[in-house]
Amino acid sequence: MLNESQVRVCEALVGIFETGRIVGDNMYGQVTLLQGDTGGLTYGKHQTTINSGNLYLLIKAYCEDTGSDYRAEFAPYMARLISKDPTLGTDQEFCALLRKAGSDLDMQQTQDAFFRRVYWNPASNEALAQGFSRVVSYAIVYDSFVHGSYNYIKGLMDQQHGPASNIGELAWIRAYNNTRRNWLANHVNPLLRKTVYRQDAFNLILNGDNWDLHLPFKVRGVSITAAALGIETGDFAEESTPVQRASGEDNSPSRLLMINDPIMRGDDVAAVKEALAKFFYPVTDGDEYDPVTVESVRLFQTSKLLRADGIVGNVTRKALGIG
């Protein structure tokens, strides 16, 4: 398990991949929409996507803070966020609101907590389960959780090498990074082919033998230093470098399951109920997302240190073993 300083180094590294910056208001307020990107509209310091449902969950968490400066302005957009309305990406007023909200300290704190909960914690748990001890191993897993496709690439690794314990952490991480680079470089989506810089940057770190990401070091021309991260001084430096943003999500986005009128039904609801039952949480018969199911979801989310909102998105699905 990494300490707080090591976690912040990993976050800074992925932040450079996503926004070209380590920290700063512009990083939190960055909005991106690329034609052909399966994630759709993306936002924030690690560019969460509308099509994953995570942009809705991020804005929802922000608006639940009564001190948030722009919660009332976001209210008219919530239904469109839930439905993953593709026109939000070209809605200039909405995009301007996202950028403006990035300067609100409450939004910055919401994003910090959100990305820890939704991306870092699951990635850290996965790295821990694999028996990894080197900081860069955690960073590589985390980057794949943020960018997408970790489960797919890990599946390829399982076929070729089995678990990391078979060949050792260092050999497994090198092979994983090269497998992911090859997948990106040959992807049918030309946008993803341009994101191989992520794996190239990691290869430079691996080949330079900085497996524990000792400071200072450079990534894509940006210096990651203790001062820049505020580890020593509390001061944050803002730097930038051009990036190519595109989501590498493994599968087509799943819908968010929540209490709704009309009530939500379907095989995805039934799968959630089946998984909850395996963890001995109470569920009703049928495929309705009813109040009993919501309460069981909340209890399960609490047990996994997730946000206990009763909404099943990709993170809760993965925790249930069905994502």
note = Dividing the helical contributions, -39500 (n - 2.57) per DSSP H run of n ≥ 4, by the residues of the chain yields a 222 nm value, nearest 500 deg cm²/dmol, of -14500 deg cm²/dmol
key: Nearest-0.05 FRET efficiency for Ser5 and Ala79, computed from C-beta distance (R0 35 Å)   = 0.30
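If we sort 13-21, 265-273 on the protection proxy, mean other Cβ atoms within 10 Å, highest first, what's the order? Mind showing how you got there, number by number?
On the way: 13-21: 23.8, 265-273: 17.2.
With the highest mean Cβ count within 10 Å placed first, the list reads 13-21, 265-273.
Checking a compactness column here: for the range 282-322, what do you get for Rg(Cα) / (2.2 N^0.38 Å), N being the number of residues?
Values: Rg = 9.8 Å, N = 41, 2.2 N^0.38 = 9.0 Å.
Ratio of Cα Rg to 2.2 N^0.38 Å: 1.08.
I need the peptides 122-131, 152-161 ranked by packing, meaning the mean over residues of other C-beta atoms within 10 angstrom, with the highest value on top.
Numbers: 122-131: 18.0, 152-161: 14.7.
The peptides rank, most packed first, as 122-131, 152-161.
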note = Rounded to whole angstrom, the alpha-carbon centroid of the range 276-292 lies from that of the range 1-45 at a distance of 36 Å
query = Label Leu170 and Phe279 with points 7 Å out from Cα along Cα→Cβ: what is the distance between them in nm?
reply = 3.8 nm
key: Selected from Val7, Pro122, Ser149, residue furthest toward positive end of dipole (the chain; charges at beta carbon)   = Ser149
query = Among all the lysines, which ones have a C-alpha under 16 Å from Lys273's C-alpha, if same-chain residues fewer than 8 places away are not counted?
reply = Lys318
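With N set to the residue count of the chain, report its C-alpha Rg divided by 2.2 N^0.38 Å to two decimal places.
On the way: Rg = 19.6 Å, N = 323, 2.2 N^0.38 = 19.8 Å.
In units of the globular-protein estimate, the chain measures up at 0.99.
Going by average Cβ neighbours within 10 Å, how do the peptides 180-190, 218-228 rank, with the highest at the top? All intermediate terms of the calculation are to be shown ahead of the outcome.
Numbers: 180-190: 15.4, 218-228: 17.0.
Top of the packing list down: 218-228, 180-190.
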inquiry  = Can you give the FRET efficiency to the nearest 0.05 for Arg99 and Ala72, using r as the Cβ-Cβ distance and R₀ = 25 Å?
reply    = 0.90
Largest to smallest principal axis extent of the C-alpha atoms in the range 93-183, angstrom = 50, 25, 16
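Values in this text are rule-based calculations from the coordinates and carry no lab data. No experiment lies behind these values; they were computed from the predicted model shown. Cβ: placed from backbone, ideal geometry, glycine included. Neighbour counts: every protein chain shown.
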